[in-house]
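The values are calculated or read from the model by the stated rules, or taken from the named source; none is laboratory data. Since the structure is predicted, the reported quantities are computational estimates derived from the model, not experimental observations. In this analysis, Cβ positions are derived from the backbone assuming ideal geometry, glycine residues included, and neighbour counts consider all displayed protein chains. The protein model used for the area step is the full one, side chains on, heavy atoms only, and it has no ligands, DNA or RNA in it. Shrake-Rupley method; radii C 1.70, N 1.55, O 1.52, S 1.80 Å.
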Amino acid sequence: MLKHIHNVLTLVALLAASCFLLSWADSWEGIKKSAEEVRSIRADFVQEKHMKILRKPLVSKGILYYRIPGSLRWEYESPVQSILLMHNGQTKRYIQSKDGLVRDKGAGLQAMQFVLPEITKWFSGRFDDNPDFEATLESGSRIVLRPKKQAMAKMIARIELVLADRPGVIKSVTIYESKDTFTKIKFENARLNNTLQDAIFQEI
């Protein structure tokens, strides 16, 4: 009898957990509430650049670190190493050269100063915070961001984000520049709420 009760309670607990995993991304409130539990993220990523003129996508791999409220390290490990750092409102980029990693102050950095804050918003569950985009929560734990202004739409047609079964985790981000040109980033091996020191976001 006790064994039967234990089995029933175990089944109920598993069902409750499954329902939570499936329902956390059903509403903006659920997404933001789950994101509030995330203090830090460490994850591997694979980035694919698709273009019509390419027979195969360009693939890059790396690792990211995120810590609330807005610290980010986005590090490409292959095929070419580069590191993007954001901490205390400052953004730095280091690119590989014949002399090793050197700091970049060019136009590419200016673009990243726009993109990186958006990424930290997504990790915080604030997908609908940017007034330049209309955010739609669709079935399949999918969020679609569409630019409101024509000037932005010429650069980005839309952004699609797929949320993972694990609350607070993003599975993939796809940025569509046009019908045939897009960049897809897939996140793997996510680890949440480990202690991340300031040096990770300040030093290379």
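Look at TYR94 and say whether it is modelled with pLDDT of 90 or more and either closer than 21 Å to SER172 by Cβ or among the β-branched types (Val, Ile, Thr) (or both).
Answer is no for this residue.
Which condition breaks for TRP122 when tested against (1) modelled with pLDDT of 90 or more; (2) open to solvent by 70 Å² or more (accessible area, probe 1.4 Å); (3) assigned to a helix (DSSP H, G or I)?
TRP122 satisfies all of (1) modelled with pLDDT of 90 or more; (2) open to solvent by 70 Å² or more (accessible area, probe 1.4 Å); (3) assigned to a helix (DSSP H, G or I) except (2).
Does ALA43 fit the bill of being modelled with pLDDT under 95 and of a type in the set (A, V, I, L, M, F, W, C)?
Here the answer is no, as ALA43 does not meet what is asked.
Taking region 178-202 only, how many residues are at pLDDT 90 or above and either open to solvent by 30 Å² or more (accessible area, probe 1.4 Å) or of a type in the set (Gly, Ala, Ser) (or both)? Explain how you work it out, then say what you get.
Step one: list which residues in region 178-202 are at pLDDT 90 or above, which gives 181-202.
Those left that are additionally either open to solvent by 30 Å² or more (accessible area, probe 1.4 Å) or of a type in the set (Gly, Ala, Ser) (or both): 182, 184, 186-195, 197-200, 202.
Selection size over region 178-202: 17.
Which of the following residues is under 17 Å from the mean Cα position of the chain (by Cα), farther than 21 Å from ALA25 by Cβ and either in contact (Cβ under 8 Å) with a residue 12 or more places away in the chain or open to solvent by less than 40 Å² (accessible area, probe 1.4 Å) (or both): PRO131, PRO117?
On inspection, the qualifying residue turns out to be PRO117.
Regarding region 105-112, can at least one residue be identified that is farther than 17 Å from GLN47 by Cβ, modelled with pLDDT of 85 or more and open to solvent by 60 Å² or more (accessible area, probe 1.4 Å)?
Within region 105-112, none of the residues are farther than 17 Å from GLN47 by Cβ, modelled with pLDDT of 85 or more and open to solvent by 60 Å² or more (accessible area, probe 1.4 Å).
For region 84-94: of the residues being out of contact with any Leu (no Cβ under 7 Å at 6 or more places or on another chain) and not polar (S, T, N, Q), which is surrounded by the most Cβ atoms within 10 Å (Cβ to Cβ)?
From region 84-94, those out of contact with any Leu (no Cβ under 7 Å at 6 or more places or on another chain) are 85, 87-90; that's our starting set.
Restricting the remaining residues to those that are not polar (S, T, N, Q) gives 85, 87, 89.
On the way: LEU85: 21, HIS87: 17, GLY89: 7.
Only one residue tops the list, namely LEU85.
From ARG146, ARG166, grab the single residue that is part of a loop (DSSP other than H, G, I, E, B) and either open to solvent by 90 Å² or more (accessible area, probe 1.4 Å) or of a type in the set (Phe, Trp, Tyr) (or both).
Only one candidate passes the filter, namely ARG166.
Which residue out of SER60, SER139 is open to solvent by 80 Å² or more (accessible area, probe 1.4 Å), under 28 Å from SER178 (Cβ atoms) and either modelled with pLDDT under 90 or not charged (D, E, K, R) (or both)? Let's see the steps before the verdict.
On the way: SER60 fails: open to solvent by 80 Å² or more (accessible area, probe 1.4 Å).
Exactly one of SER60, SER139 is open to solvent by 80 Å² or more (accessible area, probe 1.4 Å), under 28 Å from SER178 (Cβ atoms) and either modelled with pLDDT under 90 or not charged (D, E, K, R) (or both), namely SER139.
What number of residues in region 42-69 are under 13 Å from the mean Cα position of the chain (by Cα) and either basic (Lys, Arg) or not in a strand (DSSP E or B) (or both)?
Within region 42-69, residues that are under 13 Å from the mean Cα position of the chain (by Cα) and either basic (Lys, Arg) or not in a strand (DSSP E or B) (or both) number 2.
Determine whether ARG158 is at pLDDT 90 or above, over 19 Å from ILE63 (Cα atoms), open to solvent by 60 Å² or more (accessible area, probe 1.4 Å) and within 16 Å of the chain's Cα centre (by Cα).
yes
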